[in-house]
Amino acid sequence: MTRRLLALCAIGGVLLSTGCAAIPEYTAPKPISTASGDTTRTSAPAGPQGGEDPANLVRNFIGASGKPEGSRAEARQYLVPPLDKSWDANRQLTVIEDNFNTQVTTDGGVGDTQTVTVRGRRIGQLGTDNAFVPGQEPLDLELPVKVAKQKDGQWRIQEPPAEILVARTDMDANYKQVRLAFFDPSGTSIVRDARYLPLRPNNTLPQRTMELLIGGPSAALRNAVRSALPGGVNLDTNVTEDNHGAMSVNLTGLNEVSKEDRQLVAAQVVLSLQSVSNNRIKLQSDGVSMIPDKQEWRPGDVSKYEHNFTLSPETNYLAVVNGAVRYLPGGEPFPGPAGSGELSVVTAAQSPKGDRLAVVARSGDNVALRVGAPTALRQVSLPAGELTRPTWRPEGPELWTVADHSTVMRVVESGGVWKPQRVSADELTKLGPVTDLRLSRDGIRIAAVVDGRLLVGSVVKEGETTAIRAVRQVAAGALPNVVGVDWWQADQMVVATGGTSGQVLRVQADGQSWERFQSTNLSPGFTAITAAPGRNIVVADRRGLWQSQGPDELWSQVSPSLPFDVVPFYPG
């Protein structure tokens with residue numbers, strides 16, 4: 001017995017040595033404390049319970065496919081031998097709506113082989129960079145899955161779908177959203193880039209997060225943001241926890257990076273790891289402190305780079321009421337010609353700081369754009385039959401609008417004159433008439449309503465040209481007949497859909513998730529919607545203006561004295 005125990009201990013020592021081979025000898029490795037979830041999963045994969053009919057077998061296989069640990073070990077148990085060993089578990093991951101169904105047909109009257117057809121709706125795919133890519137029309141799927149009865153009478157899958165299908169709730173349960181931190185082009189403000197990592201083993205989440213950060217922005221943001229991490233940077237050692245409870249991140253390839261840029265690197269690393277760990281972070285470059293006078297870091301040390309774009313508490317929001325700009329909720333006139341009613345205002349937008357106003361007003365059979373200080377509006381040379389509600393850039397005197405549903409224009413102040421410039425937006429405008437366009441609060445993304453669909457793109461500088469790139473339809477299956485959109489956060493929108501069954505929804509910028517607001521008190525159809533960070537969402541319906549703090553809250557009326565055809569707007 002003693003010899004057997006000694007032998008087992010020796011084998012265990014070899015295994016432990018092999019498993020830690022990539023971890024540097026000078027660090028005492030420990031499991032890293034993560035922000036949520038268990039750090040281990042010791043139970044064996046469940047697999048088939050026995051006796052499932054073909055339809056339930058395939059449904060349970062799809063459920064098991066949502067568990068990525070062990071190269072989808074649980075899903076493999078649903079496959080016939082030897083396919084259970086050779087099945088490629090790293091192929092395209094397709095996220096589908098939860099209410100998919102399965103239907104069985106017998107092939108040629110032979111009962112030992114059957115085909116199960118999976119019918120459902122695609123939401124999107126998880127890309128090779130772990131970013132979510134929203135599904136595009138057509139979303140309906142119909143995939144055959146062949147099953148065969150085994151010698152023991154149990155059904156197993158003989159020909160699985162070419163895609164790995166995962167229901168949305170299973171993805172939410174088994175994948176963690178990691179919000180990587182990159183910089184806007186000015187290098188002053190963090191932009192979040194959502195990725196999705198398998199939750200388990202979650203003691204490796206910091207390591208995998210760092211690998212994604214080093215890999216750079218996702219395809220949707222690749223040319224819109226920048227990384228302070230230079231090309232060639234890498235992890236010199238694994239991300240580990242030292243004996244004092246600090247997470248050690250040791251980078252290599254920073255020799256030519258200035259101290260100022262190392263501060264930006266530190267911000268990206270610390271803020272990217274924020275969603276997967278509560279530990280202090282020890283940043284190193286080739287084994288020594290990355291910034292000599294700073295040994296350990298917390299998110300508060302780099303908070304100056306995170307702007308939430310929350311409006312000042314003193315800032316009022318406005319609305320166009322009967323052709324004039326009014327303060328809300330009381331309806332008092334806004335100063336200047338826009339508030340007097342003499343301009344016949346159709347829609348308007350106030351700059352983020354509140355010092356400028358942009359007004360679209362009727363001018364004969366067309367409309368005219370006037371911009372400037374509220375008491376000194378100047379007409380812009382931008383002839384059009386229609387203009388969308390203007391939307392302001394967060395920095396500098398610049399706003400955007402869409403002329404005649406087809407031409408995206410930016411209007412920039414130069415020498416006291418507001419000059420229109422065309423935005424390269426063919427990726428967007430070729431998809432149909434643009435009826436609404438909003439710049440995100442950080443100016444990195446746009447949201448647009450195009451032919452009743454919600455589209456998102458990124459703002460890219462290409463030499464002297466500003467362009468909209470990486471245009472994608474989001475939440476296509478959940479958003480029929482979109483009538484309005486606005487940004488609630490830098491990467492979250494609120495959307496109003498049309499018709500008598502219209503709804504208000506919160507939608508994530510990448511389209512991975514959405515949530516419906518309560519409909520109590522509302523009377524669709526909706527005509528306008530506006531939002532701002534830290535403020536109530538305001539929607540206009542056929543009975544007036546209504547506001548809500550979020551999807552779980554009831555709607556309350558802004559003012560019963562306001563008419564129904566108002567256009568509300570926050571600064572921005």
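Farthest towards the positive end of the charge dipole of region 54-173, among the residues ALA73, MET171, LEU93, is the Cα of ALA73, using unit charges on the Cβ of Lys, Arg, Asp and Glu. For region 491-572, a crude dipole built from +1 on the beta carbon of Lys and Arg and -1 on the beta carbon of Asp and Glu, taken about the Cα centre, is about 200 debye to the nearest 20.
Helix 259-273 and the longest principal axis of the C-alpha atoms of the chain enclose an angle of approximately 70°.
Quote the relative contact order of region 54-173 in percent (integer), defining contacts as alpha-carbon pairs under 8 Å separated by 6+ residues.
On the way: 225 pairs, mean separation 37.5, N = 120.
Averaging sequence separation for qualifying contacts and normalising by length gives 31 percent for region 54-173.
Mind checking which of SER303, HIS244, GLY287 is farthest towards the positive end of region 177-305's charge dipole, using Cβ charges of +1 (Lys, Arg) and -1 (Asp, Glu) about the Cα centre? Among SER303, HIS244, GLY287, the one farthest towards the positive end of the dipole of region 177-305 is SER303.
Think of it as helices only: each DSSP H run of n ≥ 4 in the chain is worth -39500 (n - 2.57), and spread over all residues that comes to -4000 deg cm²/dmol at 222 nm. Dipole orientation for the chain: of the candidates GLY124, PHE517, VAL147, VAL147 has the Cα lying most toward the positive pole (charges on Cβ; Lys, Arg +1; Asp, Glu -1). The angle between the Cα long axis of helix 2-19 and the main principal axis of the chain comes to about 30°, on a 0 to 90 degree scale. Specify whether the C-alpha gyration tensor of region 317-569 places it in the rounded, prolate or oblate class, a ≥ b ≥ c being the square roots of the eigenvalues: rounded for a/c under 1.5, otherwise prolate if a/b is larger than b/c and oblate if not. Oblate.
May I ask for the net charge around ARG362, where only other residues with Cβ less than 13 Å from the Cβ of ARG362 are counted and Lys, Arg are +1 while Asp, Glu are -1?
On the way: positive: ARG370; negative: GLU342, ASP365, GLU386.
Local net charge: -2.
Relative contact order of region 531-570, taken over Cα pairs closer than 8 Å and 6 or more residues apart, is 40 percent. Divide the volume of the convex hull around the Cα atoms of region 54-173 by the residue count and you get 101 Å³ per residue.
Over the chain, what is the relative contact order in whole percent, taking alpha-carbon pairs under 8 Å and six or more residues apart? Intermediate values should be presented prior to the final figure.
Details: 1312 pairs, mean separation 54.9, N = 572.
Relative CO of the chain lands at 10 percent.
Counting only Cβ charges, +1 for Lys and Arg and -1 for Asp and Glu, the dipole size of the chain around its Cα centre is about 320 debye.
When the pairs LYS85/LYS151; LYS353/LYS430; LYS146/LYS176 are compared against a 25 Å limit on Cα-Cα distance, LYS353/LYS430; LYS146/LYS176 fall above it.
Distances between placed amide hydrogens fall under 5 Å for GLU241 paired with LYS30, SER248, all partners being 5 or more residues away or on another chain.
In the list (i) 26.1; (ii) 30.6; (iii) 33.4, the label attached to mean projected area of the Cα convex hull in nm² as derived from the coordinates here is (iii).
With the cut-off at 1.5 for a/c, could you classify region 441-570 from its C-alpha gyration tensor as rounded, prolate or oblate? In terms of gyration-tensor shape, prolate. Across region 237-284 the C-alpha pair distances fall into 5 Å bins from zero in the proportions 5, 20, 29, 25, 14, 7, 0 percent. For trypsin sites (Lys or Arg not before Pro), the sites in region 404-485 that DSSP calls loop and that have at most 12 other Cβ atoms within 10 Å are LYS430.
Excluding residues on the same chain fewer than 8 positions from LYS259, give the lysines whose Cα lies under 24 Å from its Cα. Candidates past the 8-residue exclusion: LYS282, LYS294, LYS304. Were the residues from GLU342 through SER71 laid out at 0.36 nm apart, the gain over their Cα-Cα distance would be 90.8 nm.
The long axis of helix 54-65 is offset from the longest Cα principal axis of the chain by roughly 80 degrees.
A viscosity of 1.002 mPa s and a temperature of 20 °C, combined with the Kirkwood radius over Cα pairs in Stokes-Einstein, give a translational diffusion coefficient for region 177-305 of 147 µm²/s.
Remark: region 457-541 carries a charge dipole of roughly 80 debye about the Cα centre, counting +1 on each Lys and Arg Cβ and -1 on each Asp and Glu Cβ. Here's the list of aspartates and glutamates a cross-link from LYS419 could span, going by alpha-carbon distance under 13 Å and ignoring same-chain residues fewer than 8 apart: GLU398.
Where a ≥ b ≥ c are the square roots of the eigenvalues of the C-alpha gyration tensor, would you call region 368-408 rounded, which needs a/c under 1.5, or, failing that, prolate if a/b is larger than b/c, or oblate?
Values: a/c = 2.57, a/b = 1.30, b/c = 1.98.
Verdict is oblate for region 368-408.
A straight Cα-to-Cα reach below 13 Å connects LYS67 with the aspartates and glutamates ASP170, ASP172, residues fewer than 8 places away in its own chain not being considered.
None of the figures in this text is laboratory data; all of them are computed from the coordinates on show. Please read these numbers as outputs of a predicted model, since none were measured by experiment. Here the Cβ is made from the backbone with ideal geometry for all residues, glycine too, and neighbour counts use every protein chain on show.
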